[in-house]
Amino acid sequence: MQRRELFSATAFAGVAGAAFPDDTSLAQASDRSIGEVARADDGLTAEIHSQQVFPELNAIRESQKTFLRTTGKYPDFIEVGMNVWYALYDWHVRWKQPITLGRDASGHYTLSLTQTAVVMRPEQTLNFIGPPFDNK
């Protein structure tokens, strides 16, 4: 141990001894600090996990997965209502994903999601999700 370390350790022990008169107080303070750190860690873990869940995409992804299982490829199109389309758009904005907007042959707005054009159908109910289909 070098001289500087010895003096630093002695000074710290003196301050700690004045703040916590016995070892029991020091142990209790340490236990409280560990508990606070553990709670903060649990909160951060929950926040990170909640950010990896994308409820806006669940219904569309389920349709895509069903189509993929039956045909071996992603669908070319899925028609959705306005609420679903805007939730998908907001998801792109929130997660800073590239937004590929377009229009189909009939003039409806489209938004690309995993090689599928999601088509907004404003005449349908707000939460409508139609069956996926190919361009054929």
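The values are calculated or read from the model by the stated rules, or taken from the named source; none is laboratory data. None of these values were measured; they are calculated from a predicted model. In case anyone asks, the SASA skips ligands and DNA or RNA and just uses the protein heavy atoms, side chains included. Shrake-Rupley method; radii C 1.70, N 1.55, O 1.52, S 1.80 Å.
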Among Ala87, Ala105, which is the only one that is among the small types (Gly, Ala, Ser) and under 16 Å from Glu56 (Cα atoms)? Ala87
Looking only at the stretch 88-123, and only at residues there that are hydrophobic (A, V, I, L, M, F, W, C) and open to solvent by 30 Å² or more (accessible area, probe 1.4 Å), the one that is modelled with the lowest pLDDT: Trp95
Residue in the stretch 88-111 that is farthest from Pro122 (Cα to Cα), counting only those that are polar (S, T, N, Q) and assigned to a loop (DSSP other than H, G, I, E, B): Gln97
Looking for something open to solvent by 50 Å² or more (accessible area, probe 1.4 Å) and modelled with pLDDT under 95 - is there at least one such residue anywhere in the stretch 124-136? yes
